[in-house]
Structures are given as structure tokens and as C-alpha cells.
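*Asks:* Take a look at this one; I'll ask things after.
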């Protein structure tokens, strides 16, 4: 008999049947009001604009998203020697060799690496290329124009900003800025207020670390208690672009964060068709968007990938995420109706799936990338090229 969704074939491996049974059970116990991931993201991004740029010292900008920048000055501003040696004009030493030394009327100019090139000189010869015997000076090596010379504008040219707007600032970008003599940069850095509930410090710190890696300014606070009144008091939108509350997103006796959000602001969706992370909620307090993350690390991580990152990218004006297209080393099975996060490890030029749906900590530690499987997909066959987002320190 043909196998349909939710049925289990005796011809499949036991591990696959167990996985399908788990997904079937999850699907059956989900509330009917689950909001699709696509709808939740659209709601979060509605009428959201990029934040205004701020000027920060170079030390504060690592990981932030660069705002518009004017063209940087030429670096170097003139030709410089790239090595110690003799500065000459290549045309003046054409044909010189050890078999046919070329006599010079006067010794060439010696330069150290970093010195400005003398007028008319366009190459630097090694120390052994010039032989002096009494008053006689001979060159025994030809030169090539540009040899051992750093041309003006070779590090930073005049063809536009060296640090592109909309891209994350990396250590190499800071090197460029320092070389150009800059002390500050204009960046777009969203302000995040991160609310932790008592007892959930590990997951909250994970969210804080992920936010810092994405150039977000964080204000971390802790609710006085886990009751709705205490949490509502802490959901203060003043001076922030995004509120994230970690923990208390479920419907258990100690879960009051969504109730608190309803008191302080508005709940737009509670229960997202995302696995893990299906108890996440979205809302707003005033004009500030709010994400309520589950307290379990893997559920919060999935909500971060699927919900927080798109919103932060909109706020910061980030143009792209680092990703890599590789074939799958083996298939990924997924349940229609639930978007799922898969962790991947790069192995022998392919993406090896480590975990889907449930994301144990030891597999998080191994993962090189993550993949969002849409709710409309049943997964991907082995060998399918997938463009996974890189997740590396």
C-alpha cells in the first residue's frame, strides 16, 4: 500500500520511521491557530525601516553594518618602495646582466621599504644588482616597471568606498579604515533590550552572544519574578528598536510572558509553525516589535534564526548573509506544514545533515551552517544543492 503523510512503512529504516512518527505526533498536538513562519515574518517586518546611522569609534564597530560612506583618500598617496634596494628607472637599465654590466654615471638612490620613490624611478633592484668597484658603478640586472613598488592608490583607490554600505564590518575593514587614517565609522546598529526570566540565564546569554556577533547594541535586564506583572513591568520599549524576552513562552503554570505582553502591548501571534521554536510569540509594545523566545536553547536558537535575524537585517540594512551552496551528503526529511531548522556540517565538499527539528547542544557545537526548510517542503534528496547560511565563530 502506498505510504502517505503520517503513515509508516515497514520498508523504511527504523530510525526514519521513528522520525516520521515523532513529526506525526507533533503535528497532531499543535494548536489549530499556528501562524505560518512566512506570515509571522511579514508581520514583524511590516512598516519597519532601517535605523538611523550612528558614528562610533573603530573599536565599537566590529560586526556592525556599515552605513553610507564617502570615498576614502588614496592609500598610498604616491608610489612607495615595497622592498629595500636601489631605485632606478627601468628604461635606464635595459639589457644589463652579469655578462654585460651596465655602467652608470652615478650611483642609484638607495631606498628602504616604505620610502617615497624618487622622481623618475619606477622600480627597485635588489642590493646585489648594483656592483661598485672604486669609482665604477655597474648594474648587472634588468628592472621591470613597478618591480617592488607599491603604486599610488594600490591599497585604497579612488573608485568608491572601500567599506561597502550594507555589509558587516570585519577585521580587514578596520585595517582599511585605520590605514586611511579614520578614527570613526558610520554604522547602523539596532538597539536590543534583552529580557531574561529568573532561571533562564544560559539561553539568554546565547541570545546576547548571537546579537553581539551581528553588531547589535544590547541592554540586558532581568524580570524581578516570573509572574505576568513583573514581566510586563520589564517590557519597557524606551530607547530600543527591538525587545526580546527569553522564556515563559509556553502555556505551562510558570509561563506568563505572553500574558505579560498582552497586558503591556499587543500579541500578534502566539504559536509559530516552526520546529523547534513553535511556542514563540511575536507582538509589539507601542511601536517597538517584541519577540518572545522559548526558554530551551534549541527552540530559542531556531526562533533567532527564523524570526530575529530577518528583523535585525531589516533594521540594520544588511544586504546579505554569508552562505555556501553545496550538495547534501544525505537526504533531509521534513513535515509539510512546519518550517524546520536543520544543522549542517561541511564534510568532503558536501553538507552533512546533523539534526533537524531537535537540535542537541553537542550537535550545535559541531555545526558549520544552518538551513531553513520551508513549511511547504517535505525535505531534500541526497545530492540536492542547498544554499546554507554559515554559522561559524
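*Asks:* Here are 57, 133, 98: which of them is closer than 30 Å to residue 191 by Cβ and surrounded by fewer than 17 Cβ atoms within 10 Å (Cβ to Cβ)?
*Replies:* 57
*Asks:* Would you check if residue 212 is assigned to a helix (DSSP H, G or I) and either within 30 Å of residue 364 (Cα to Cα) or in the same structural domain as residue 265 (by TED's automatic domain parsing) (or both)? Don't jump to the end; show me each part of the working.
*Replies:* Working: assigned to a helix (DSSP H, G or I): yes; either within 30 Å of residue 364 (Cα to Cα) or in the same structural domain as residue 265 (by TED's automatic domain parsing) (or both): yes.
Yes.
*Asks:* OK, next. Does segment 171-182 contain any residue that is touching a helix residue (DSSP H, G or I) at 6+ places or on another chain (Cβ under 8 Å), in a loop (DSSP other than H, G, I, E, B) and surrounded by fewer than 18 Cβ atoms within 10 Å (Cβ to Cβ)?
*Replies:* Looking through segment 171-182, at least one residue is touching a helix residue (DSSP H, G or I) at 6+ places or on another chain (Cβ under 8 Å), in a loop (DSSP other than H, G, I, E, B) and surrounded by fewer than 18 Cβ atoms within 10 Å (Cβ to Cβ).
*Asks:* Here is a follow-up. Just for segment 307-336: of the residues that are within 14 Å of residue 40 (Cα to Cα) and either surrounded by 22 or more Cβ atoms within 10 Å (Cβ to Cβ) or not assigned by TED's automatic domain parsing to the domain that holds residue 197 (or both), which one is nearest to the chain's Cα centre (by Cα)?
*Replies:* First, pick out the residues of segment 307-336 that are within 14 Å of residue 40 (Cα to Cα): 307-311.
Right, trim to either surrounded by 22 or more Cβ atoms within 10 Å (Cβ to Cβ) or not assigned by TED's automatic domain parsing to the domain that holds residue 197 (or both) and you get 307-308.
Values: 307: 15, 308: 13 Å.
By that ranking, first place goes to 308.
*Asks:* Can you confirm whether segment 150-170 contains a residue that is touching a residue at least 24 places away in the same chain (Cβ under 8 Å), more than 23 Å from residue 318 (Cβ to Cβ) and not in a loop (DSSP other than H, G, I, E, B)?
*Replies:* Taking every residue of segment 150-170 in turn, at least one turns out to be touching a residue at least 24 places away in the same chain (Cβ under 8 Å), more than 23 Å from residue 318 (Cβ to Cβ) and not in a loop (DSSP other than H, G, I, E, B).
*Asks:* Test residue 205 against the criterion of being more than 25 Å from residue 53 (Cα to Cα) and free of Cβ contacts under 8 Å to residues at least 12 places away in the same chain, and give yes or no.
*Replies:* Details: more than 25 Å from residue 53 (Cα to Cα): yes; free of Cβ contacts under 8 Å to residues at least 12 places away in the same chain: yes.
Yes: the conditions hold for residue 205.
*Asks:* Also, I was wondering about something else. So if I check each of 145, 198, which one is over 19 Å from residue 73 (Cα atoms), surrounded by fewer than 16 Cβ atoms within 10 Å (Cβ to Cβ), touching a helix residue (DSSP H, G or I) at 6+ places or on another chain (Cβ under 7 Å) and outside the structural domain of residue 70 (by TED's automatic domain parsing)?
*Replies:* 145
*Asks:* Could you tell me whether any residue of segment 230-240 is assigned by TED's automatic domain parsing to the domain that holds residue 37, touching a helix residue (DSSP H, G or I) at 6+ places or on another chain (Cβ under 9 Å) and under 27 Å from residue 374 (Cα atoms)?
*Replies:* Checked segment 230-240: no residue is assigned by TED's automatic domain parsing to the domain that holds residue 37, touching a helix residue (DSSP H, G or I) at 6+ places or on another chain (Cβ under 9 Å) and under 27 Å from residue 374 (Cα atoms).
*Asks:* Now, a different point. Answer yes or no: is there a residue in segment 107-120 that is outside any loop (DSSP other than H, G, I, E, B), buried (at least 16 other Cβ atoms within 10 Å of the Cβ) and touching a helix residue (DSSP H, G or I) at 6+ places or on another chain (Cβ under 9 Å).
*Replies:* no
*Asks:* If you scan segment 350-373, which residues turn out to be free of Cβ contacts under 8 Å to residues at least 40 places away in the same chain and assigned to a loop (DSSP other than H, G, I, E, B)?
*Replies:* Correct list: 367, 368.
*Asks:* Only one of (1) within 17 Å of residue 208 (Cα to Cα); (2) in contact (Cβ under 8 Å) with a residue 24 or more places away in the chain; (3) in contact with a strand residue (DSSP E or B) (Cβ under 8 Å, 6 or more places away or on another chain); (4) not in a strand (DSSP E or B) is not met by residue 291, so which one is it?
*Replies:* Answer for residue 291: the failing condition is (4).
*Asks:* Can we say residue 220 is touching a strand residue (DSSP E or B) at 6+ places or on another chain (Cβ under 6 Å) and in a helix (DSSP H, G or I)?
*Replies:* no
The values are calculated or read from the model by the stated rules, or taken from the named source; none is laboratory data. Please read all numbers here as calculations on a predicted model, not as lab measurements. Note that each Cβ is placed from the backbone with ideal geometry, even for glycine, and that neighbours are counted across all protein chains shown.
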